[in-house]
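> First, the structure itself, so that you have it in front of you.
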């Protein structure tokens, strides 16, 4: 199965889901993540370690055994949507392109896009995504 996780900036929610799914995926499964506003916000190719507001997230993920500091922000494209067998989007529908919204492969999860990037908030969101992955994938 080819799994694609989507959020707005590909800085937090989809990066977390990609890492967590990577740990539980089956043999032959592939996983990627991307963001609906990466191009619009000029984030393409930027490493997560460049964002000081992500310090709590990076620490939380390291505690869980993941080093995401070198992960980069990837924009959503029609090709990525075509590539995937299953798509989980945590991006707001109003911020999503039509080709994502019209895909029969997409499921929307309601996961807060945290404006407050404290370590406690990061831990809450990571734990929510972890629960959703165990239920829905």
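The numbers here are math on the coordinates, done by the rules we state, and not lab data. None of these values were measured; they are calculated from a predicted model. Here Cβ is always computed from backbone atoms with ideal geometry, including for glycine, and neighbour counts include all displayed protein chains.
> In nanometres, what is the gap between the two model label sites at residue 59 and residue 102, each 7 Å from Cα along Cα-to-Cβ?
It is 4.6 nm.
> If I model a spin label as a point 7 Å beyond the Cα along the Cα-Cβ vector, how far apart are those points for residue 72 and residue 27 in nm?
Inter-label distance under the simple model: 3.2 nm.
> Something else: Place a point 7 Å from Cα of residue 85 in the direction of its Cβ. Which residues in the range 1-42 have their backbone N less than 14 Å from it?
The answer is 1-4, 25-32.
> Restricting to the chain, compute how many DSSP beta bridges are antiparallel as a %, nearest 5. Write down the numbers at each step before the final one.
Details: 1 of 15 bridges.
So the antiparallel bridges amount to about 5 percent of the total.
> Given that just one value was derived from the coordinates, which of (1) 8.1; (2) 8.7; (3) 7.5 is mean projected area of the Cα convex hull in nm²?
Step by step, mean projected area of the Cα convex hull in nm² for this structure corresponds to label (3).
> For residue 49 and residue 135, compute 0.36 nm times the residue count separating them, minus their Cα-Cα distance, and round to one decimal in nm.
28.0 nm
> Using only helices, what value at 222 nm comes out for the chain when you add -39,500 (n - 2.57) per DSSP H run of length 4 or more and divide by the total residues, to the nearest 500 deg cm²/dmol?
Values: 5 runs with 49 residues, N = 137.
Dividing the helical sum by the residues of the chain leaves -10500 deg cm²/dmol.
> In nm, to one decimal, how far is the modelled label at residue 94 from the one at residue 40, with both set 7 Å along Cα→Cβ?
1.1 nm
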